[in-house]
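To start, the structure itself, in structure tokens.
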Amino acid sequence: MILTVGNTKGGVGKTTLAVNIAIARALAGRDVWLIDGDRQGTAQTAIAIRAEAGHLPGIACATYPDGATLRSQVQQQRAKFDDIIIDAGGRDSTALRAALILSDMLLVPFQPRSYDVWALDDIAKLIDEARAVRDGLQAFAVLNCADPGEVSADNADAAAAVADFPQFELLQTPIRRRKSFANAAGQGLSVLEAKPADKKACEEISALVSALF
């Protein structure tokens, strides 16, 4: 399975989700390769911190912000891994476009803010372009850094706006804004591993991973 976590809008929390998903799959016994397709290299940094601390399971990670390199490397090495997770985007980049062509599935995180909802139109157009080249790309949107609590007008309005975009399906597995995600990331960990455990954060990531895989 090749999964891209991507959006043309920056600051939506895609790297946090990509790292958490990659580690969750590794904890489930999968052989995982995490690819950082963003020039900022944040995912690569998180995995480097993880490796230096000796956390297991280890996660294979590479940085390919150039689309041509990303495409060639994935095509050459995809058979070596059970799951490939690509963190791409923050803007319309060659890496994001290459990832969409290669992927079985796209996860589009967005926050319950007007700018994020407006930006969904850009990634929707890229999905259309990718599907014109290859068949079978599944695309899902997930509300990330959602307002805490079960009832939020902003959460509800943002989720409802996804109905305007037939290119992707909204997953009913929102990830709420929790400090535990940042705390875990700073240690190169998933919230599934961090101590003390944030039960709600663990439940949310587990539900997201189950919905995707």
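Data table
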| item | result |
| --- | --- |
| In order through region 23-40: 3J(HN,Hα) via Karplus (6.51 cos²θ - 1.76 cosθ + 1.60), integer Hz, x for Gly, Pro | 5, 4, 5, 5, 5, 7, x, 7, 8, 10, 10, 9, 10, 8, x, 10, 4, 5 |
| Cα gyration tensor shape of region 11-72, rounded if a/c is under 1.5, else prolate or oblate by comparing a/b with b/c | prolate |
| Options (1) -0.75, -1.02; (2) -0.64, -0.95; (3) -0.56, -0.90 - which one matches log10 I(q)/I(0) by the Debye sum over Cα atoms at q = 0.12, 0.15 Å⁻¹ as calculated here | (3) |
| Ascending count of other beta-carbon atoms within 10 Å, so fewest first, for 190, 93 | 93, 190 |
| Shape of region 117-213, Cα gyration tensor, a/c cut at 1.5 | prolate |
| Rounded Å value of the spacing that divides the Cα centres of region 1-29 and region 189-213 | 12 Å |
| Cα-based reach from residue 9 at 17 Å (exclusive), listing lysines while leaving out same-chain residues under 8 positions away | 125 |
| Part-to-part distance (alpha-carbon centres) for region 112-136 and region 33-108, which is given in Å | 20 Å |
| Rel. contact order, % - alpha carbon contacts under 8 angstrom, at least six apart, the chain | 25 percent |
| Using θ = phi - 60° and Karplus 6.51 cos²θ - 1.76 cosθ + 1.60, couplings along region 120-132 (whole Hz; Gly, Pro as x) | 4, 4, 5, 6, 4, 5, 5, 4, 4, 5, 5, 5, 6 |
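No value in this document is a laboratory result; all are computed from the given coordinates. The structure displayed is predicted, hence computed values, not measured ones. FYI the Cβ positions are ideal-geometry reconstructions off the backbone, even for glycines, and counts take in every protein chain you see.
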